Amino acid sequence: MSSELHDLYQEVILDHNKRPRNFGTLEDADRSAAGHNPLCGDRLTVHLKLDNDGVSEVSFEGSGCAISKASASIMTDAVKGKSRDEIEHLFREFHTLLTGDPSVREKASAELGKLAVFEGVREFPIRVKCATLPWHTLKAALDGRKDAATTE
Amino acid sequence: MPGRRNRSGGEVMTVARNREETAGAEAGRPAFDVASVRAQFPALSLEVYGKPLVYLDSAASAQKPSAVLDAEMRCYREFYANVHRGVHYLSIAATAAYEGARSKVQALLNAPSARDIVFVRGTTEGINLVASTYGRQHVRQDDEVLVTTMEHHSNIVPWQMLCEATGGVLRVVPIDDDGALIMDEFFALLSDRTKIVAVGHVSNALGTINPVGSIVDAAHSYGAKVLIDGAQAVPHMAVDVQALDCDFYTFSGHKAFGPTGIGALYGKGELLRSMPPYEGGGEMISSVTFEKTEFREPPARFEAGTPNIAGAIALGAVVDFLDDLGYEAIGAHEEDLLSYATAMLEAVPGLTLVGTAERKAGVLSFLIDGVHAHDVGTIVDREGVAIRVGHHCAQPVMDRFGIAATARASLALYNTREDIDRLVEALGKVKEVFG
């Protein structure tokens, strides 16, 4: 297998794809939003419970490729208990990790913890949207938007 | 071309008949030499990721032979000028080449007259043209337009837009679990309200070859007109619009080894003459004042503005290219390849083919247990194998099978058994990654 593929499909990602965390509906969710990647047909929904300014509970459901599913799974773990500002900061850093130039990627990678496992996606520009779809959807839920989030 | 079109019934190119014709043609025509065919396609000798390219995405767009590339370049280098309006040498030469290409497309489809061939940007424009002209003229409140579940979005959306504008109703002929049309349902849906039946000759997502001859006959018995989307047929099989008796037939150049931005629409002469213009502009008028404009006869009426001159000429070169090889030989080669590919893919553990109709062209849509099509596509790409993943612009097909996406390998005349072996090998890597 090429090293790029190996970096893309890391064990952690394959594990979260197979056994996604926080998968399913969330009873009494305060917010829900749907996300859609028209390119590949991936669809997912993110449910949230809000606590003051932060996310106290979060889950997701839907179908998608290994990258989007693992991204959603690891994202839900990462944002639970975080404030809105912290989540937006994480999303920005995550985006930098996938698309930024090397000078800024290192700092992002250090701040992202487990999310840094998606660094290999940057070698596959067409798959960046798979990794960011859950985040766009989470943001739509936080913003209380009714229309579906899309990667377009 | 003479002697190539001895069709009788309305059914064009069943797979079985194709085999018989090949047997008969063996004496007069050299066997299909795929190596020499491949040598004519520059892109097929590319390497990607350090590996020889295996191109299995021709249903999305086909690669181009040198003869077609040269024809387009030669037009720009040697006889390029605007068509139909100049009295000078180059314009006369360009017009002759452009109209010559129209005659070649006429021969390709066995249309009765070159005047029945309208150059369009592609299949999508061909369908939109008919929906906006004939459709607007004839579909009224509660009239029905029939499409099928397996249509490409381009053969759904224009009709949906037409129905929204006119109060017409879009009805859908269902497909069975193999991806074949349920003909009884089609017959049951036909009625005096049916004004247009729009159907793909070959499904891009499933490979199903539809019984378009029977569809035309049944539709005509209710006075409905039939448009056939031939985008996936022309690259693979002989089409005879007179034998089919279809009212409209349209295809894209780029899926048939020609350039992008050019395609053709065939329409029966009397229908084209009765239709209003599609777009207004130069070329399509006979006289213009601010009070009234007179439109030209078809096909000029439907070709507003300067057309894709070099593209049309290259499309003419496509016709020559296909004619040199012969559809009989192409069909036999692809039929062999399809059965080989089907057997090889069915033997891959965890793989399910989607689209297993009895009559199929070279499209292999598949699912792999536990692995999303998008991941399959990325992994085989790194092995140098180009396939398409996703909904293939046929979301209703995906919904029908309860899936979000498939991986699709599509075959063309230049593919080989080795290409299939490389695909199967690459699918082994998918298993390596996902376990």
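Every read-out reported here was derived from the displayed coordinates using simple, explicitly stated rules and does not represent laboratory data. All values reported here derive from a predicted model rather than from experimental measurement. Neighbour counts run over all protein chains shown; Cβ positions are idealised from the backbone, glycine included.
The table below lists the values:
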| quantity | calculated |
| --- | --- |
| For segment A:1-83: relative contact order, % (alpha-carbon pairs under 8 angstrom, 6 or more apart) | 32 percent |
| Most mobile listed residue (B:D229, B:D116, B:D421) in chain B, GNM with C-alpha springs under 10 Å | B:D421 |
| Virtual spin-label span in nm between B:E279 and B:D70, 7 Å along Cα→Cβ | 3.2 nm |
| Convex hull volume per residue in cubic angstrom - Cα atoms of the protein assembly as shown | 190 Å³ |
| Low-density loop cleavage sites - GluC sites (Glu not before Pro) in segment B:329-432, where at most 15 other Cβ are within 10 Å (DSSP) | B:E358 |
| Estimated Rh, segment B:276-412: Kirkwood, alpha-carbon pairs, angstrom | 19.1 Å |
| Net charge, B:G350 excluded, C-beta distance under 12 Å - Lys, Arg +1, Asp, Glu -1 | -1 |
| Spacing of the two label points (7 Å from each Cα toward its C-beta) at A:D53 and A:D147, in nm | 2.9 nm |
| Gyration tensor over alpha-carbon atoms, segment B:34-176, equivalent ellipsoid semi-axes in Å | 36, 27, 13 |
| Convex hull of chain B built on C-alpha atoms - directionally averaged projected area, nm² | 21.9 nm² |
| Whichever lysines have a C-alpha closer than 16 Å to that of A:K18, once near sequence neighbours (fewer than 8 apart) are set aside | A:K69, B:K431 |
| Whole-Å semi-axes of the ellipsoid equivalent to segment B:61-127 (Cα gyration tensor, √5λ, descending) | 22, 18, 12 |
| For B:I403, B:I156, order by how many other beta-carbon atoms lie within 10 Å, fewest first | B:I403, B:I156 |
| Likely footprinting exposure, B:K292, A:K18, fewest C-beta neighbours within 10 Å first | B:K292, A:K18 |
| Among B:L109, B:V68, B:Y222 - extreme Cα towards positive end, dipole of segment B:68-323, charges at beta-carbon | B:V68 |
| Relative contact order [Cα under 8 Å, 6+ residues apart], chain B, whole percent | 23 percent |
| Global size of segment B:354-398 as Cα Rg and Dmax, reported in angstrom | 11.7, 33 |
| For segment B:68-323, alpha-carbon Rg over 2.2 N^0.38 Å | 1.02 |
| Helix-only mean residue ellipticity at 222 nm for chain A, each DSSP H run of n ≥ 4 adding -39500 (n - 2.57), per residue, nearest 500 | -14000 deg cm²/dmol |
| Most fluctuating residue given options B:Q395, B:Q232, B:Q141, as computed from a GNM of chain B linking Cα atoms under 10 Å | B:Q141 |
| Mean ellipticity per residue at 222 nm, deg cm²/dmol - from DSSP H runs of n ≥ 4 across chain B, formula -39500 (n - 2.57) | -11500 deg cm²/dmol |
| Quotient of Cα Rg and 2.2 N^0.38 Å for segment A:3-144, N being how many residues it contains | 0.97 |
| Cβ-Cβ FRET estimate between B:V169 and B:T260, R0 fixed at 41 Å, reported to 0.05 | 0.75 |
| Those lysines that a straight Cα-Cα span of less than 18 Å connects to B:K360, excepting residues fewer than 8 apart in one chain | B:K255 |
